[in-house]
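One structure is given below, encoded as structure tokens.
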Protein chains: 2
Amino acid sequence: MNFSPTGLDPLLDDALKAIGTRSAFSGFKESGSKRIHGEEKPAAGLAAFQARLGEPFRLDDQPRDFKVAEECSPFTGQPLNIAYPAPDLEGQFDAAEAAMTSWANASIETRVRCCLEMLRRIDAHGFEMAHAIMHTAGQSFPMAYAGSGANALDRGLEALAWSWLMMTALPFDAQWEKQVGGGEPTQLHKQWRLMPKGSAVVFCCASFPTWNGYPAIMANLACGNPVLIKPHPTAVLPMAIAAKVMRDTLSDAGFDPELIQLVVDDSEIPLGKVLVEHPKTAIVDFTGSALFGSWVEQHAGNRPCYTETSGINTVILDGAADLDAALDAVVNTLCLFSSQMCTSPQTFYVTDQGMKDASGRHLSAEEVEAALVERINALASDGRRAASVMGCIQSPTTQTLIDHWTQLAEAGQYRLLRKSEPYEHPDGDGARTATPLVLGLDLDSGQAPEEEIFGPIAFVVRAKDRDEALVHASKSAREHGAITAYVYTQDPQYQAQAIDAFAQAGAALTCNLTGNMPLNFSAAYSDMHVSGLNPAGNATLADPAFIAGRFRYAQTRSPKPC
Amino acid sequence: MNFSPTGLDPLLDDALKAIGTRSAFSGFKESGSKRIHGEEKPAAGLAAFQARLGEPFRLDDQPRDFKVAEECSPFTGQPLNIAYPAPDLEGQFDAAEAAMTSWANASIETRVRCCLEMLRRIDAHGFEMAHAIMHTAGQSFPMAYAGSGANALDRGLEALAWSWLMMTALPFDAQWEKQVGGGEPTQLHKQWRLMPKGSAVVFCCASFPTWNGYPAIMANLACGNPVLIKPHPTAVLPMAIAAKVMRDTLSDAGFDPELIQLVVDDSEIPLGKVLVEHPKTAIVDFTGSALFGSWVEQHAGNRPCYTETSGINTVILDGAADLDAALDAVVNTLCLFSSQMCTSPQTFYVTDQGMKDASGRHLSAEEVEAALVERINALASDGRRAASVMGCIQSPTTQTLIDHWTQLAEAGQYRLLRKSEPYEHPDGDGARTATPLVLGLDLDSGQAPEEEIFGPIAFVVRAKDRDEALVHASKSAREHGAITAYVYTQDPQYQAQAIDAFAQAGAALTCNLTGNMPLNFSAAYSDMHVSGLNPAGNATLADPAFIAGRFRYAQTRSPKPC
């Protein structure tokens, strides 16, 4: 790969450099603090969000039918009452197709420049977007601004830079000469052009719509493909704002805004399956549940299909240089956005030997369990801190799940180590909050769940020893999917075994990390997110496989002009 | 991409250089002439082939059940009576899985070196292989030696070089540092390793088994995946020889030969569908019919699936600088291997305006049709030349097809411009030969076939004008698939329109080519074969998309060691 500067745009060049070296980089500000942005921008962003409420969201001036989406703020419990253009699949696919030709015929440079401008303009809407994320996904403001803002834009920029790398990998014309039989050699002038695959459907999930959305949108668009964004019906607004910004950018650059469209469906007439199987769908990008993701993979046929679903992310607690620091790190990450992230840990393995630290301090298994619960309690009891870390619960279904698993524990199937309760949110009673439910079980009970249980529901599995824990954790990742795994140990040999086991299982492993960075932070340009090696999906952010199928080569050859 | 020399092997470095510049290169000798190879090697190759006949083909010393395959020489009409190890899918998948670990753990350099050695050793079996190809696929000796030998090995080497490029695109470890909150920055040591996807099933077709087989095998193996080769039941021997050579190479390098296995089925108990849907199949490479290829694409689920099927390759005859040279080229390519190549032209568009040359010479539509038939007749009447160009007919089914289409013409549905007859093969009456059947029709009759009609069956379609011809030819490619298209014209503007139309349709276009090189020669390292833009498949030889999904990244990160 050629990661050297293109001269096209410093943002692109910095991204390429970071990709080539896997080093830390952000093209956007991760903090929404007024100390950086001043008073005006944050207030204007909030006002812009508030002005959306109860109004039709106009993507353009076309006369369209509007329909109110099923959005309801996890922070206030109030419906957003925003109406979006009603879906019109045939018309939308036709419009996408019509828009494609001039976009695909534009130079790679032009398309990439236009995509860079989109990212910058979305970033300029950072505060409005953060409020949109909070009131649909339920993220806290800091996460909504950084995780769904800068970090998501960085993932988008990363995919854009990869698109550049892949599209410019080969020459577009060549002279070819070969002696065939007697006489003059055959001389051919060969030319290649990049062709888009066609309309791409990008499914965005409810709890983190932009983070996977931007990379898929950028990769598709940069490679010449129109994009139909299919947001989750309960989290439309963030993608609608992004779509509007991208459409305006396209218009301003002289391209047809229908290259970016929004398909807003509802739970009564869901359109996901229709979109996947539509004859005009050429590419599918899916982020969402394992169940529907698997259906998508089985029904995408010969369309390139990039999926991120879910799995069982595990933590093995064997030992640590500093036990308190390790347990702090683990609990903070468990609590982060109430475990509604695809990288959130679900299952914690504690062995009968407990945990030891470097100085010889020892915690028994019971003490480790108690220490975990204690830390969650401490966090939960501080409403302001809990709000900042845990945010809100995106979907009422998650509360139903919490109740279901609580009942199983109360019926004796699990040890109820910690009940889930709402915490006191500083913004008031309207906020849907839930602190982690923690269930204990013995590994040999066979009761460890074999699928992701979405939300703040953690399982502490007691294993006879760390080897048993590793075998079970890695097998579970391989068979049921996992994006991440976490191991705390002081034994380099055990760490090496864990590295092998989770590599085979395709879960990105983080060892012995403590400190400020959430364990599950996946850094653009550096961390490979989703391995393609287990059922959690194949949409690696970002590697060549994430781009390669999105464009193809068309070839022409003719005798060399004399 | 970094196409610069690796120092690993000059063969690899030459291939990388050719790929980066799209220039002509062959790593192997394309001629099987005794003037190059001497007397001994050709004789030894023939003897080796003959010694295979009527014997069990032993891949190793294991006790196995053997079963005679359905191979029958198109040259002699005699069954080969070679028995191959009977399939044992569960055992074979288990053996593949067991073999994978140490191979995947070997360095990229080791794997690529071993694959290079395989290609060299297969090349050293060139004469034996050529006879095996002749007596299964029915190719003439020159084609069997060059097309199924050197050219196929070059395609394999190209895929191997691409595997190298993709596997070495990114660093395997990095230091990462980021300031997160207050205090010390987070410092992480990150490591990546390449992981294979798992067992790959490679379907090889009957008429040209090695040409698509080698690239798929090399790409899979280089990326760490075991390969189960599924030859067509009537053309097993070439792939059996190749498999034996590759297994021996693996053994000699200290690896488990079960990394390469052969699954020989028969028409009574076909195993293709079982293989595609087998839970242990991780990758599918398919070359074969459009009908089965489409089934494969729909049933591969989330497995990477690379297909080459077939389509309607077209020729538009508008004009030429030298009419005779153009018609010679077109007829030679139509006759080459009796149109049993995926790049063979099927439909010829002649317009009511006929063809004009540079000097003003004009041929009416009728004269163009007559000139085509005349040239076929001339070739067919020269048994020695016909044998060299046309070879034999691989499958009796093709003769049935010829009879069927002849009957349609005799029933008045088409103009019977030329009947198909056997030509007199110098090797005697046992050879299954058939010269091209040529059927004429008017475009507005709506009788142009909408699928590939395999074998020496050509359609001359009379169009009102060249624009109508171009619309029809490109639409047919887009909708029904096509790998190639050919246009002869003296008008640069029309040529530009054709370039656009066939780029949209995803057929590789060759314009105005005359001379010794067959029009449908697809050069390794330079010509992109199969576009992924129409139903003829997505297995582009070779581009990053052909490799990217065959391996994945596993990641580990831990705090930077102090």
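Which residue pairs have Cβ atoms under 9 Å apart, sit 6 or more places apart or on different chains, and have a first residue in region A:245-273 that is without any contact (Cβ under 8 Å) to a residue 60 or more places away in the chain and a second that is assigned to a loop (DSSP other than H, G, I, E, B) and loosely packed, with under 15 Cβ neighbours inside 10 Å?
A:Ser251/A:Asp60
Would you be able to say whether some residue in region B:391-405 is surrounded by 14 or more Cβ atoms within 10 Å (Cβ to Cβ) and more than 24 Å from the chain's Cα centre (by Cα)?
Filtering region B:391-405 down to residues surrounded by 14 or more Cβ atoms within 10 Å (Cβ to Cβ) leaves B:391-395, B:398-399, B:401-402, B:405.
Checking the rest, the ones that are also more than 24 Å from the chain's Cα centre (by Cα) come to B:405.
Taking every residue of region B:391-405 in turn, at least one turns out to be surrounded by 14 or more Cβ atoms within 10 Å (Cβ to Cβ) and more than 24 Å from the chain's Cα centre (by Cα).
In region A:466-487, how many are surrounded by fewer than 18 Cβ atoms within 10 Å (Cβ to Cβ) and either of a type in the set (S, T, N, Q) or touching a Leu at 6+ places or on another chain (Cβ under 6 Å) (or both)? Walk me through it before giving the result.
Pass one, region A:466-487, residues surrounded by fewer than 18 Cβ atoms within 10 Å (Cβ to Cβ): A:467-468, A:471, A:475, A:479.
If we keep only those that are either of a type in the set (S, T, N, Q) or touching a Leu at 6+ places or on another chain (Cβ under 6 Å) (or both) as well, we get none.
Final tally of qualifying residues: 0.
Could you give me the residue pairs with C-beta distances under 7 Å whose first residue belongs to region B:1-23 and is without any contact (Cβ under 8 Å) to a residue 40 or more places away in the chain, whose second residue is surrounded by 17 or more Cβ atoms within 10 Å (Cβ to Cβ) and of a type in the set (Gly, Ala, Ser) wherever it lies, and which are 6+ apart or on separate chains?
Once the first residue is without any contact (Cβ under 8 Å) to a residue 40 or more places away in the chain and sits in region B:1-23, its partners that are surrounded by 17 or more Cβ atoms within 10 Å (Cβ to Cβ) and of a type in the set (Gly, Ala, Ser) give B:Asp14/B:Gly27; B:Thr21/A:Ala174.
Are there any pairs with C-beta distances below 6 angstrom linking a residue in region B:342-357 that is outside any loop (DSSP other than H, G, I, E, B) to a residue that is of a type in the set (Lys, Arg), with the two at least 6 apart or on different chains, and if so which?
B:Val350/B:Arg462; B:Thr351/B:Arg466
Whether any residue in region A:388-407 is small (Gly, Ala, Ser), at pLDDT 95 or above and within 18 Å of A:Thr347 (Cα to Cα) is what I want to check.
Our first condition is that a residue be small (Gly, Ala, Ser); within region A:388-407, this holds for A:388, A:391, A:395.
When the remaining residues are screened for being at pLDDT 95 or above, the result is A:388, A:391, A:395.
Next cut, within 18 Å of A:Thr347 (Cα to Cα) only: none.
No - not one qualifying residue is present in region A:388-407.
Residue under question is B:Val460, and the condition is that it be of a type in the set (A, V, I, L, M), more than 7 Å from chain A (Cβ to nearest Cβ), touching a residue at least 12 places away in the same chain (Cβ under 8 Å) and within 30 Å of B:Trp162 (Cα to Cα); does it hold?
Working: of a type in the set (A, V, I, L, M): yes; more than 7 Å from chain A (Cβ to nearest Cβ): yes; touching a residue at least 12 places away in the same chain (Cβ under 8 Å): yes; within 30 Å of B:Trp162 (Cα to Cα): no.
Answer is no for this residue.
Against the condition in contact (Cβ under 8 Å) with a residue 24 or more places away in the chain, in contact with a helix residue (DSSP H, G or I) (Cβ under 6 Å, 6 or more places away or on another chain) and within 14 Å of chain B (Cβ to nearest Cβ), how does A:Gly224 come out, does it pass? Don't jump to the end; show me each part of the working.
On the way: in contact (Cβ under 8 Å) with a residue 24 or more places away in the chain: yes; in contact with a helix residue (DSSP H, G or I) (Cβ under 6 Å, 6 or more places away or on another chain): yes; within 14 Å of chain B (Cβ to nearest Cβ): yes.
Yes.
Is it the case that region A:236-259 has a residue that's in a loop (DSSP other than H, G, I, E, B), in contact with a strand residue (DSSP E or B) (Cβ under 9 Å, 6 or more places away or on another chain) and not aliphatic (A, V, I, L, M)?
Kept after step one, since they are in a loop (DSSP other than H, G, I, E, B), are these residues of region A:236-259: A:236, A:253-256.
Filter once more, keeping what is in contact with a strand residue (DSSP E or B) (Cβ under 9 Å, 6 or more places away or on another chain): A:236.
In the following step, the residues that additionally are not aliphatic (A, V, I, L, M) were identified as none.
Scanning region A:236-259, I find no residue that is in a loop (DSSP other than H, G, I, E, B), in contact with a strand residue (DSSP E or B) (Cβ under 9 Å, 6 or more places away or on another chain) and not aliphatic (A, V, I, L, M), so the answer is no.
Give the residue, chosen from A:Thr249, A:Thr287, that is modelled with pLDDT of 95 or more, in contact with a helix residue (DSSP H, G or I) (Cβ under 6 Å, 6 or more places away or on another chain), closer than 30 Å to A:Cys511 by Cβ and of a type in the set (Ser, Thr, Tyr).
Numbers: A:Thr249 fails: closer than 30 Å to A:Cys511 by Cβ.
Only one candidate passes the filter, namely A:Thr287.
Which condition number does A:Pro492 fail, the rest of (1) of a type outside the set (Val, Ile, Thr); (2) buried (at least 21 other Cβ atoms within 10 Å of the Cβ); (3) assigned by TED's automatic domain parsing to the domain that holds A:Ser420 being met?
(2)
Output yes when any residue across region B:299-315 is over 30 Å from B:Gly549 (Cα atoms) and outside any strand (DSSP E or B), and no when none is.
So in region B:299-315, the residues over 30 Å from B:Gly549 (Cα atoms) come out as B:314-315.
Subsequent filtering for residues that are outside any strand (DSSP E or B) retains none.
Scanning region B:299-315, I find no residue that is over 30 Å from B:Gly549 (Cα atoms) and outside any strand (DSSP E or B), so the answer is no.
Kindly evaluate B:Ala69 against the criterion of being hydrophobic (A, V, I, L, M, F, W, C), within 14 Å of another protein chain (Cβ to nearest Cβ), surrounded by 15 or more Cβ atoms within 10 Å (Cβ to Cβ) and out of contact with any helix residue (DSSP H, G or I) (no Cβ under 7 Å at 6 or more places or on another chain).
Values: hydrophobic (A, V, I, L, M, F, W, C): yes; within 14 Å of another protein chain (Cβ to nearest Cβ): no; surrounded by 15 or more Cβ atoms within 10 Å (Cβ to Cβ): yes; out of contact with any helix residue (DSSP H, G or I) (no Cβ under 7 Å at 6 or more places or on another chain): yes.
No; evaluated as a whole, the condition is false for this residue.
Would you be able to tell me the number of residues in region A:474-493 that are part of a helix (DSSP H, G or I), of a type outside the set (A, V, I, L, M) and in contact (Cβ under 8 Å) with a residue 12 or more places away in the chain? Give the steps one after another, and end with the answer.
Let us first name the residues in region A:474-493 that are part of a helix (DSSP H, G or I), namely A:474-480, A:492-493.
Adding the requirement that they be of a type outside the set (A, V, I, L, M) leaves A:474-476, A:478-480, A:492-493.
Among the residues that remain, those that are also in contact (Cβ under 8 Å) with a residue 12 or more places away in the chain are: A:474-476, A:478-480.
Residues in region A:474-493 being part of a helix (DSSP H, G or I), of a type outside the set (A, V, I, L, M) and in contact (Cβ under 8 Å) with a residue 12 or more places away in the chain: 6 in total.
I'd like to check something: does region A:348-358 contain any residue that is within 14 Å of chain B (Cβ to nearest Cβ) and surrounded by fewer than 24 Cβ atoms within 10 Å (Cβ to Cβ)? Don't jump to the end; show me each part of the working.
First pass over region A:348-358, keeping only residues within 14 Å of chain B (Cβ to nearest Cβ): A:358.
This time we only want the ones that are surrounded by fewer than 24 Cβ atoms within 10 Å (Cβ to Cβ), so: A:358.
Taking every residue of region A:348-358 in turn, at least one turns out to be within 14 Å of chain B (Cβ to nearest Cβ) and surrounded by fewer than 24 Cβ atoms within 10 Å (Cβ to Cβ).
Of the residues B:Arg121, B:Arg64, which is within 16 Å of B:Ala243 (Cβ to Cβ) and modelled with pLDDT under 95?
Residue meeting the stated conditions: B:Arg64.
Determine which single condition A:Met528 fails, assuming it passes every other condition in (1) at the interface with another protein chain (Cβ under 7 Å from one of its Cβ atoms); (2) closer than 29 Å to B:Val180 by Cβ; (3) surrounded by 24 or more Cβ atoms within 10 Å (Cβ to Cβ).
(3)
One residue is enough: does region A:502-517 have a residue meeting the conditions in a loop (DSSP other than H, G, I, E, B), hydrophobic (A, V, I, L, M, F, W, C) and surrounded by fewer than 24 Cβ atoms within 10 Å (Cβ to Cβ)?
Restricting attention to region A:502-517, the residues satisfying the condition of being in a loop (DSSP other than H, G, I, E, B) are A:506-507, A:512-517.
Adding the requirement that they be hydrophobic (A, V, I, L, M, F, W, C) leaves A:507, A:513, A:517.
From what's left, surrounded by fewer than 24 Cβ atoms within 10 Å (Cβ to Cβ): A:513, A:517.
Scanning region A:502-517, I find at least one residue that is in a loop (DSSP other than H, G, I, E, B), hydrophobic (A, V, I, L, M, F, W, C) and surrounded by fewer than 24 Cβ atoms within 10 Å (Cβ to Cβ), so the answer is yes.
Are there any pairs, at least 6 apart or on different chains, whose C-beta atoms fall under 9 Å, with the first in region B:494-506 and closer than 11 Å to B:His472 by Cα and more than 9 Å from chain A (Cβ to nearest Cβ) and the second of a type in the set (S, T, N, Q) and surrounded by 21 or more Cβ atoms within 10 Å (Cβ to Cβ), and if so, which?
Going by the 9 Å Cβ cut-off, the qualifying pairs are B:Ala501/B:Ser474.
Identify all residues within region B:84-110 that are within 28 Å of the chain's Cα centre (by Cα) and surrounded by fewer than 18 Cβ atoms within 10 Å (Cβ to Cβ); write none if there are none.
The answer is B:Ala86, B:Asp88, B:Leu89, B:Glu97, B:Glu109, B:Thr110.
Would you mention how many residues in region B:7-22 are of a type in the set (Gly, Ala, Ser), surrounded by fewer than 18 Cβ atoms within 10 Å (Cβ to Cβ) and within 14 Å of chain A (Cβ to nearest Cβ)? It would help to see each step written out before you state the result.
Restricting attention to region B:7-22, the residues satisfying the condition of being of a type in the set (Gly, Ala, Ser) are B:7, B:15, B:18, B:20.
Checking the rest, the ones that are also surrounded by fewer than 18 Cβ atoms within 10 Å (Cβ to Cβ) come to B:7.
Okay, now just the ones that are also within 14 Å of chain A (Cβ to nearest Cβ), so none.
So the count comes out to 0.
Given the condition among the basic types (Lys, Arg) and touching a Pro at 6+ places or on another chain (Cβ under 6 Å), answer yes or no: does some residue in region A:382-397 qualify? Spell out the reasoning first.
First, the residues of region A:382-397 that are among the basic types (Lys, Arg): A:384-385.
Keeping just the survivors that are touching a Pro at 6+ places or on another chain (Cβ under 6 Å) gives A:384.
Yes, because at least one residue in region A:382-397 is among the basic types (Lys, Arg) and touching a Pro at 6+ places or on another chain (Cβ under 6 Å).
The values are calculated or read from the model by the stated rules, or taken from the named source; none is laboratory data. Just so it is clear, the structure is predicted and the values come from calculations on it, not from any experiment. Backbone-built Cβ (ideal geometry, glycine too); neighbour counts: all protein chains shown.
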